[in-house]
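Here is the structure we will look at, set down as structure tokens.
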Amino acid sequence: MRVAEVQKPSKLVVTSRAPFTARKTRAALRRAVFPGRITRTGFRSVFVVEAEGEPLELARKVYEECGQLIGRATAVLAEVESQPEPVKEAAVEIGTERIGPKESFCFRLFKRGVHSLQEDTPKIEYEIGGAINAALELKTGQKPLVSLSDPVITINAEVLGPITFVGVFRKEWQIAAPGEELTSKELQAKATDLQSKEATVRLAPSLESEKPALFNPAGE
């Protein structure tokens, strides 16, 4: 008798479009992927979504139903330690599998918390993006299309402390969503948040991490 393989739930890393709408974003995600699981990461406005189905189709569904609230949804295809080589290897493997021969691409890195990716983000993005480019050229025999401003597909590395989720975002998912009306309290919160961001930029322009916290996948 053959034992059926247990299907693991797919994962997304989802960011809220604005910090003051994080609670609404989480509620909308719950409705969109019910009975899936929405986990807080310990980082502001960043959630891990777990639900049945193929990761890219799950990401498409989340954009269709929550597009006006989310900032970015990455369909997770690998989970690695937050160290340069594992992140690079995962990004190259995913890139060569998922980027089509006529699709423009780029690689993006988002750092948070305590990790071992100490080099400047632009330098890491350049090195890993170059490695993906070289692997694609070796695979197809053609020069890949690179677009830093408007790529068809983006390979994302979402660093959550010691864990990094590597996956993809496709431009086609990002549909135009109607804007929502905000209450006076929410507008005030938005203004306060913007003032806080401006102060942070003046005091620490090179700050990359939100806070030195560790991602706890079991946390709710």
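Before moving on, here are some points about what is shown:
- Matching residues in region 125-137 - criterion: being touching a residue at least 24 places away in the same chain (Cβ under 8 Å) and surrounded by fewer than 20 Cβ atoms within 10 Å (Cβ to Cβ): E127, A131, A135
- Across region 199-208, not a single residue is classified as more than 16 Å from the chain's Cα centre (by Cα), in a helix (DSSP H, G or I), at pLDDT 50 or above and loosely packed, with under 12 Cβ neighbours inside 10 Å.
- Single residue of V87, V13, V80 found to be of a type in the set (V, I, T), out of contact with any helix residue (DSSP H, G or I) (no Cβ under 8 Å at 6 or more places or on another chain) and touching a residue at least 60 places away in the same chain (Cβ under 8 Å): V13
- Residue match in region 50-60 (condition: at pLDDT below 95 and not acidic (D, E)): yes
- Residue match in region 101-115 (condition: out of contact with any Ser or Thr (no Cβ under 6 Å at 6 or more places or on another chain) and at pLDDT below 95): yes
- Pair list, Cβ under 7 Å, 6 or more apart: region 96-123 residue free of Cβ contacts under 8 Å to residues at least 60 places away in the same chain and charged (D, E, K, R), other residue part of a loop (DSSP other than H, G, I, E, B) and surrounded by 14 or more Cβ atoms within 10 Å (Cβ to Cβ): E103/V152
- Restricted to strands (runs of 3 or more DSSP E) entirely inside region 6-122, those with at least 3 residues that are crowded, with 17+ Cβ neighbours inside 10 Å and touching a Gly at 6+ places or on another chain (Cβ under 9 Å) are 10-16, 46-51, 70-81, 104-110.
- Residue match in region 124-134 (condition: in contact with a Gly (Cβ under 9 Å, 6 or more places away or on another chain) and of a type in the set (S, T, N, Q)): yes
- Hey, E81 among the charged types (D, E, K, R), closer than 30 Å to K123 by Cα and more than 15 Å from the chain's Cα centre (by Cα) or not: yes
- Failed item, numbered, when I155 is tested on (1) at pLDDT below 95; (2) touching a Phe, Trp or Tyr at 6+ places or on another chain (Cβ under 7 Å): (1)
- Residues in region 138-179 that are under 13 Å from C106 (Cα atoms) and free of Cβ contacts under 8 Å to residues at least 24 places away in the same chain: S149, K171.
The values are calculated or read from the model by the stated rules, or taken from the named source; none is laboratory data. Since we're looking at a predicted model, the values are computed, not measured. All Cβ positions, even for glycine, are placed from backbone atoms using ideal geometry, and neighbour counts span all protein chains on display.
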